[in-house]
Amino acid sequence: MADIAFESLTRWYGESAQRTVLEGVSGHIHEGEFVVVVGRSGSGKSTLLNLLGGLELPSGGTVRVDGIDIASLADRDLTALRRRRMGFVFQAYNLIPTLSVADNLRLPLSLNAIAETDQVEQWLARVGLPGRGSDWPDRLSGGEQQRVAIARALIHEPEVILADEPTGNLDLENAERVVALLDGLCREQGRTLIMVTHAMEVTGMADQLFTIREGRLVSADNPVPAGVM
């Protein structure tokens, strides 16, 4: 399982740091933890998630996974780390519309050269969608698409799940179902879950709470300061 440490993490865009999104952010995420990242829109929380998942590289500071500075990895090795050890859940679901539900789930197995046995049906059952493998994504509701996206993120048994506003497009009932599903599946399997969210009810479920304000980490493990959201 992965242990993630980040120190003095900074990310800017443009020449001469024209737009600084994160500045001097440090923290430590232990394996198996559920970590929630909160803050206003534009505060830098999604950028932090992208840096922790290796989707972006820092302008300064380090992200270490099991002691390895991921910015020091060759592109091929960084891609392999993301593909094998991490799973991503996005607000927009990002299912491939030209593939069936089952083929969407098979994709990470294929990319990781994992032999398929009965994982697809097992995961559809786990997320409450048994027998829906032949459906097309556009035949599913938003909540159902997000549950398929969760199954796709977990089917190859990654160590870390990174979820960026996974409930942002869902109604309250489906949002609660998706959060409970992610939390339950990750705790059941000992996976680390890092979630960016505006859903304040989620914070009480977290092992760690990171609050980002204007690109800086203003609190950890504490209630959200008044006026942050």
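Values quoted throughout were computed directly from the atomic coordinates according to the rules given, and no laboratory measurement underlies them. If you're wondering where the values come from, they're calculated on a predicted model, not measured in any experiment. As a convention, Cβ positions derive from the backbone with ideal geometry for all residues, glycine included, and neighbour counts pool all protein chains shown.
With the convex hull of the Cα atoms taken as the outline of the chain, the averaged projected area works out to 12.6 nm².
Nearest 500 deg cm²/dmol is fine: what mean residue ellipticity at 222 nm does the chain get from its DSSP H runs of n ≥ 4 alone, each adding -39,500 (n - 2.57), divided by its residue count?
Value at 222 nm, helices only, nearest 500: -9000 deg cm²/dmol.
Taking every alpha-carbon pair under 8 Å whose residues sit at least 6 apart, the chain reaches a relative contact order of 30 percent. Give me the Debye-computed log₁₀ of I(q)/I(0) at q = 0.11, 0.20 Å⁻¹ for the stretch 104-183, equal point scatterers on Cα only, no solvent, two decimals. Results for the stretch 104-183 at q = 0.11, 0.20 Å⁻¹ read -0.27, -0.91. Cβ-to-Cβ counts within 10 Å put W123, W136, W12 in ascending order as W136, W12, W123, the fewest first. Rounded to the nearest angstrom and listed largest first, the equivalent-ellipsoid semi-axes of the stretch 69-124 from its Cα gyration tensor are 24, 15, 10. Near V202, once Lys and Arg are set to +1 and Asp and Glu to -1 for all other residues with Cβ below 10 Å from its Cβ, the sum equals -3.
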